[in-house]
Structure formats: structure tokens, C-alpha cells
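None of the figures in this text is laboratory data; all of them are computed from the coordinates on show. Since we're looking at a predicted model, the values are computed, not measured. Cβ sites come from the backbone with ideal geometry, for glycine too, and all protein chains shown count toward neighbours.
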Amino acid sequence: MRLLTVKNLRKTFAQEKEAIHAVNGVSFHVDKGEIYGLIGLSGAGKSTLIRCLNLLERPDSGEIWFDGIDLATQSEAVVREKRREMGMIFQHFNLFMRKTVEDNVAYPLRIAGRERHEIKKRAHELIDYIGLSKYTRAYPAELSGGQKQRVAIARALALNPKLLLSDEATSALDPVNTELVLSMLRQVVQDFGIGIVLITHQMEVAKALCGRVAVMENGLIIEENDVETLFLSPKHQATRRLIRGVEDTFAVKHSGAITAGNIYRLGFRRESVRRPLISHISRKYNVDINILAGDINVLQTGDVGYLVVSFEDAGDEEGALKALRENGVELVPLTAEDAVNHL
Amino acid sequence: MMTLELMKSTLETLEMVTVSSLFSVLLGLPLGVLLVLSRPGGLRPRSALYRALDAIINVFRSLPFLVLMIMVFPLSRLVTGRATGTTATIVPLAVAAIPFVARIMEQSLLEVDGGVLEAGLASGAKISQLVWTVLIPEALPALVNGITITVINIIGNSAMAGAIGGGGLGDLAVRYGLYRREPFMLYISVAIIIVLVQLVQWLGGYLERRLRRDGKVTVSA
């Protein structure tokens with residue numbers, strides 16, 4: 001079921017010297033039960049985009065279809081109503097510092113004018129759900145970052161929204177708490193069947209959580225795919241840059257050595273990721289294969305890996321490439337410059 | 001006789017300070033909220049309104065209290081029927097304090113993190129709900145601190161007002177200290193004013209600390 005359809009969304013900020021096209025014609029959709037990832041480096045426009053979705057930022061043009069209406073054309077009052085169907089969590093949690101955990105979680109219910117006993121019941125239910133019953137009467141300053149974000153998740157869920165907007169929700173957390181929050185988001189989708197739009201600059205997050213991922217650069221979605229295909233055969237340099245792990249810095253550093261030979265990016269999917277294909281092909285076709293970089297990514301849908309290799313002056317390079325393709329390996333030729341700059 | 005006069009003057013000062021503080025906060029806080037909402041980049045930017053308010057507040061704040069008091073005489077007469085006396089003096093005290101309160105409330109409210117306000121909006125709050133349920137509660141310790149400063153300021157001004165027919169402890173100090181050359185009463189009135197200021201400072205500080213503690217670590221396991 002389609003939850004959200006965004007069409008050709010634009011938002012420009014007038015700056016002193018020039019206009020900044022933060023969101024420059026973006027279209028995508030999100031289904032029920034789906035975690036849709038928008039990933040990009042800072043400045044790509046993803047924060048502006050997600051803030052446009054619940055109209056915290058008014059888009060200049062474009063459509064935001066949610067719950068049967070185009071939010072972009074609605075009055076403030078209608079938007080306010082629809083925001084109740086759309087929870088939001090933030091990088092810095094944005095909890096009310098002078099309200100207890102209970103009052104934070106209860107806030108959307110209170111604003112919506114729910115009955116007192118209903119508010120209390122629902123708040124306690126949610127605090128139980130996030131596993132913080134011990135902290136019901138505590139203030140946010142007494143909680144760790146991970147706990148704060150869990151409270152924020154509970155607050156965002158208070159009114160049973162259909163969609164959750166997650167704005168860099170794990171960027172301020174350490175790895176342990178990041179994992180905790182991610183598994184909680186996964187759980188939320190399972191338990192409540194909602195959809196999530198998640199923006200992040202961490203490929204790790206997209207990897208662990210998302211079904212489909214869109215890569216943003218300069219206010220545009222430059223590439224959108226299911227996460228497996230994206231990792232397997234990234235089309236854009238920006239995507240490769242986001243996928244690249246720390247391991248690759250070595251290859252980049254020593255890539256001055258890359259001169260001779262054709263360079264390829266090989267994408268391995270489930271079946272081929274575990275097999276010793278390279279050495280097998282090297283022997284069979286009498287090619288010398290120099291491995292420049294590589295990584296295996298554990299995704300929601302299965303494992304995918306990649307290698308950046310160069311074929312040194314070799315025997316049957318054509319045959320080797322053909323064999324790789326036949327074994328389900330995705331081949332992307334790279335120029336030496338590609339390889340140096342954007343492994 | 002002297003004790004009676006002291007009591008009377010102290011009560012007058014208390015009346016002037018309490019009532020004018022009340023009015024200045026009652027009118028100054030909404031102005032502060034209005035400034036925060038209407039400022040450029042605020043939740044409801046209204047450039048013209050903001051600039052006008054800003055200018056008026058600056059003008060009123062630059063007027064020395066003594067001058068302002070004389071200027072406000074007609075207003076005092078209109079409101080209370082008299083230009084001098086304790087009740088009449090409440091008017092200039094409040095008028096002088098309102099722009100001060102507005103500015104101080106504005107500064108306190110601006111300290112509230114924009115992200116927290118956004119969380120309120122994203123939860124479905126109207127601006128008016130946001131003001132009452134997030135903006136003011138989150139800024140409360142700073143607001144209390146601002147009110148403390150205001151009351152102390154008004155105590156100072158009320159003593160000055162006494163000198164030109166306002167009654168209260170300032171009046172007492174001028175009459176005995178200046179005209180009658182009886183320094184004892186002067187010192188006593190000064191001492192009472194000091195005690196008043198200290199009391200307000202202590203009470204305000206206590207309240208502020210209590211409020212701030214709410215948002216901070218209260219227990220350690």
C-alpha cells in the first residue's frame with residue numbers, strides 16, 4: 001500500500017549572493033511496512049527534504065501525497081492534523097528537557113486533546129514498549145543518548161502514525177546505541193506496520209535497515225535502487241564514495257601504482273560472494289588479477305561484496321570477464337582516475 | 001510614631017513593587033513572546049511588527065526613570081485619578097518595567113532550542129499551544145531569573161519615585177535624610193530596602209534553582 005508519494009519537490013533558499021537549490025526536483029514513494037533510505041553527504045539537501053515532508057519547511061513547488069491529499073497545497077490546519085499521522089525523530093532527540101519521560105511521550109496526545117486516562121494509559125504502554133518503565137518519572141538529562149532517542153521514538157509513535165520520519169536519528173549515537181535504536185526501528189515497522197523515511201549520511205544505517213535506498217547529491221536523487229543492487233552495482237561516484245569503507249583508504253593512498261591494465265569494480269551477490277572465484281578465474285584464463293580494494297556488506301536482504309581489481313597484462317582477459325559475468329558478478333569498468341579518486 | 005511611619009512606608013513600597021511587578025510581567029511577557037514569534041526567522045515572522053515593537057521598546061528603555069515618570073503623570077491621573085501618591089506611582093513603575101520585561105523575556109525565550117520547538121510542531125501543536133506547552137515551560141528558569149531582576153529594578157525605581165511624591169521608603173529617606181537631617185531614619189529605610197532586595201534575590205534564586213534541577217540529573221543510581 002502506498003503511504004507517501006513525492007513528486008518533483010523543490011525548495012530554494014535565497015541567500016545573499018545566490019539562490020541555494022536545497023531540493024531541486026525530487027520524486028519518490030514509500031510503501032507501508034517499508035524503510036526507505038535517503039542517503040547523502042552533508043549539504044546534499046536531505047535534511048531540507050525530510051522537513052518538507054511534514055511541512056516544517058514549505059516547499060516552493062511539487063506534490064506531497066499522503067493519506068489521500070497533497071499536503072503541499074493544504075492549509076496550516078489540515079497540515080497540523082496530518083502531522084499526527086506522521087511521527088518524527090531527530091538527530092539531537094529534541095526532547096522537552098523540563099518534562100518527564102512520561103510527559104514527553106504524552107505530549108502529542110495532550111496536544112490532540114485526548115482524555116486524561118487515555119493519555120496516561122497510552123504513554124505507559126509506549127514507555128513499556130521502549131523498555132524504559134524504570135524512567136517514567138525521570139527527566140531527559142538523566143538518560144543516555146540511546147535512551148533519549150527511544151523516548152523520542154515513543155513520542156513519535158504516541159498517536160499511532162502511519163509514517164515515521166527519521167532525521168539522522170543515529171548520527172549522534174555511539175555504535176552500541178546506534179545498533180539499539182536501529183533494531184528498535186526495525187521492530188517498530190514489524191509491530192505496527194508503519195513506513196519509515198530515514199535520512200542518513202551513514203551507509204551502515206541504510207545497510208542495516210533499508211529496503212530501498214536513494215542517493216542524494218546537490219538536491220537531487222541521483223540513484224535509487226533496492227539496497228542490494230545499489231551495493232552490487234553502484235552507478236554514481238557519489239554512491240561508491242558512500243559505500244566505500246575505511247579499508248579502501250589504503251587502496252586510494254597507494255593507487256599511484258595503478259597504471260597498466262583495465263580496472264573493474266566487481267559486485268558479488270549472495271551466491272558468488274563466498275566462492276573463491278578470483279583465484280579460480282586467474283588460473284583458468286591465465287590472467288594476473290591485482291586486488292585494489294574490497295569489502296563484504298551484510299545487508300537486510302543478504303550479503304553482497306565488491307572488489308576493485310585491475311587486470312595486469314594478461315592472457316584471456318575477455319574470457320575471464322565473460323566467466324565472471326556468467327557467475328553472476330556485476331562488472332563496472334572504471335577509469336584509472338575513477339579508481340584513484342573514487343574507489 | 002516613627003515605627004508607625006516606617007511600617008506605613010514599607011507597606012507602601014511593597015504595594016507599589018508588587019502591583020507594578022505584576023502588571024509589568026502580565027504585559028511584558030506577551031510582548032516578549034510576540035517579539036520571539038515575529039522576529040525574522042521566528043515561527044511567525046512579521047518584519048514590520050517586529051521592527052516597530054523593537055524600536056518602541058528601545059525608546060522607552062532609553063528614557064531615564066525620572067523623566068519617564070514625569071511624562072507618565074497624565075496617564076497616572078487618567079488611570080488612578082491622581083498624579084502622585086503610592087497608587088498613582090504604580091503606573092510609571094509598570095510603564096518603565098514593561099519594555100524591560102519584554103526584552104528580558106525575549107532573551108530568555110530565545111534560549112529555547114529551535115529543535116525542541118520543531119518537535120512540538122511535528123507533534124501537531126498549534127503555535128498558541130506551542131507557546132504555552134513548550135516555549136514558556138522550557139524557558140521557565142530563565143524567565144524566573146528575569147522576573148527577579150525586574151522586581152529588584154522596580155524596588156530601586158520605587159525608591160526614586162518616592163522622591164517626587166510617590167510615597168514609600170524612598171519618600172521616607174528623602175524626608176528624614178535630606179530635609180530633616182535625621183540620618184537614623186535614612187539608614188533604617190536604606191536597611192529595609194536592602195533586606196527587600198536580598199529577600200527577592202534569594203527567593204528568585206531558590207525558585208530558579210529548583211526549576212533548573214527538574215531538567216537536570218536528580219538521582220544517580
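Calculated [222 nm] ellipticity per residue, helices only, for the protein assembly as shown: -17000 deg cm²/dmol; basis is -39500 (n - 2.57) per DSSP H run with n ≥ 4, divided by all residues, nearest 500. Cβ crowding within 10 Å ranks A:46, A:99 as A:99, A:46, fewest other Cβ atoms first. Ranked for footprinting exposure by Cβ neighbours inside 10 Å, fewest first, B:152, B:70 give B:70, B:152. Residues whose amide H lies under 5 Å from that of residue A:221, counting only those 5 or more places away or on a different chain, are A:27; hydrogens are built 1.01 Å from N in the peptide plane. Counting charges near residue B:13 (Lys, Arg +1; Asp, Glu -1) among other residues having Cβ under 13 Å from its Cβ returns a value of -3. Of the cross-linked pairs A:7/A:120; A:82/A:120; A:11/B:126; A:11/A:82; A:17/A:148, those separated by over 29 Å at the C-alpha level are A:7/A:120; A:17/A:148. Here the dipole of chain B is about 220 debye; that uses its Cα centre as origin and unit charges on the Cβ of Lys and Arg (positive) and Asp and Glu (negative). Inter-part distance, the range A:119-157 to the range B:188-210, computed on C-alpha centroids, equals 39 Å. What helices does chain B have that are whole DSSP H segments, at least 30 Å long along their own axis by Cα, and with mean Kyte-Doolittle hydropathy of -0.5 or more? Answer set is B:2-38, B:86-110, B:136-161, B:183-215.
Go through A:216, B:169, A:74 and say which Cα lies farthest out towards the positive end of the charge dipole of the protein assembly as shown; charges sit on Cβ, +1 for Lys and Arg, -1 for Asp and Glu. Highest projection toward the positive end goes to B:169.
Of A:303, A:167, A:191, which has the largest mean-square fluctuation in a 10 Å C-alpha GNM of chain A? It is A:191. Rounded to the nearest 20 debye, the dipole size of the range A:2-236 about its Cα centre is 780 debye, using +1 on the Cβ of Lys and Arg and -1 on the Cβ of Asp and Glu. With a ≥ b ≥ c taken as the square roots of the eigenvalues of the C-alpha gyration tensor of chain B, please select rounded if a/c is under 1.5 and otherwise prolate if a/b is larger than b/c or oblate if it is not? Oblate is the answer for chain B, as a/c is 1.5 or above yet b/c matches or exceeds a/b. By the count of other C-beta atoms within 10 Å, a proxy for reagent exposure, A:17, A:120 are ordered fewest to most as A:17, A:120.
By the compact-protein rule of thumb, 2.2 N^0.38 Å, the alpha-carbon radius of gyration of chain A corresponds to a ratio of 1.15.
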